[in-house]
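Visitor: Take this structure first; my questions come after.
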Amino acid sequence: MSQFGADKFTTRSRQAIEAALRDGRLPIIYTSPESLLGSRLYDVCLQAAQAGLLSRFVIDEAHLIASWGAGFRPEFQLLAAYRRRLLKATGGQLRTLLLSATVAEDGRATIEQLFSEPGKLIVIQANRLRPEIGYWFHFSVS
């Protein structure tokens, strides 16, 4: 496929996603913070929220907000301001779910400060020690 063909496909795909969001036909979208905050998707999701078509905002790997957001990927921390806009657009009906398997206490404090209103944070935590991944090799001569 030529470079032009790939660009045309991407544009068509994005337009289809945007239309499905506006019409309420897309129940879930999985995207990066950079993609959400740096494209037309930003406004499309706000419009969907205002139309009552967006009720949940889920951030996976939420510990990155505290650990990477300060410099490496600042869009993670910018999600907090965007979430407040979505919350306002939904008349306070938006529910936010932040997921992480590795958030430390200081990271949790940062996340709480950025993403919750006073008295509204519910924490469900099930810490357990997880083994680090290991690779085992065995060479043999046949």
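Visitor: Every residue in the stretch 104-140 that is open to solvent by less than 50 Å² (accessible area, probe 1.4 Å) and among the hydrophobic types (A, V, I, L, M, F, W, C), please.
Guide: Of everything in the stretch 104-140, those that are open to solvent by less than 50 Å² (accessible area, probe 1.4 Å) and among the hydrophobic types (A, V, I, L, M, F, W, C) turn out to be I111, L114, F115.
Visitor: Would you pick out the residues in the stretch 60-76 that are at negative phi and under 11 Å from the mean Cα position of the chain (by Cα)?
Guide: Scanning the stretch 60-76 gives D60, A62, L64, I65, E75, F76.
Visitor: With a cut-off of at least 3 residues that are at pLDDT 90 or above and open to solvent by 60 Å² or more (accessible area, probe 1.4 Å), name the helices (runs of 4 or more DSSP H) lying wholly within the stretch 4-102.
Guide: In the stretch 4-102, the matching helices (runs of 4 or more DSSP H) lie at 41-50, 75-89.
Visitor: Restricting the search to the stretch 110-130, which residues are in a loop (DSSP other than H, G, I, E, B) and β-branched (V, I, T)?
Guide: Those that are in a loop (DSSP other than H, G, I, E, B) and β-branched (V, I, T): I122, V123, I124.
Visitor: From the list E34, E61, pick out the single residue that is among the acidic types (D, E), touching a Ser or Thr at 6+ places or on another chain (Cβ under 8 Å) and farther than 16 Å from E18 by Cα.
Guide: Working: E34 fails: touching a Ser or Thr at 6+ places or on another chain (Cβ under 8 Å).
Result: E61 is the single residue among E34, E61 that is among the acidic types (D, E), touching a Ser or Thr at 6+ places or on another chain (Cβ under 8 Å) and farther than 16 Å from E18 by Cα.
The values are calculated or read from the model by the stated rules, or taken from the named source; none is laboratory data. These numbers were taken from a predicted model, which means no experiment stands behind them. Note that we place each Cβ from the backbone using ideal geometry, even for glycine, and neighbour counts take in every protein chain shown. The protein model used for the area step is the full one, side chains on, heavy atoms only, and it has no ligands, DNA or RNA in it. Shrake-Rupley method; radii C 1.70, N 1.55, O 1.52, S 1.80 Å.
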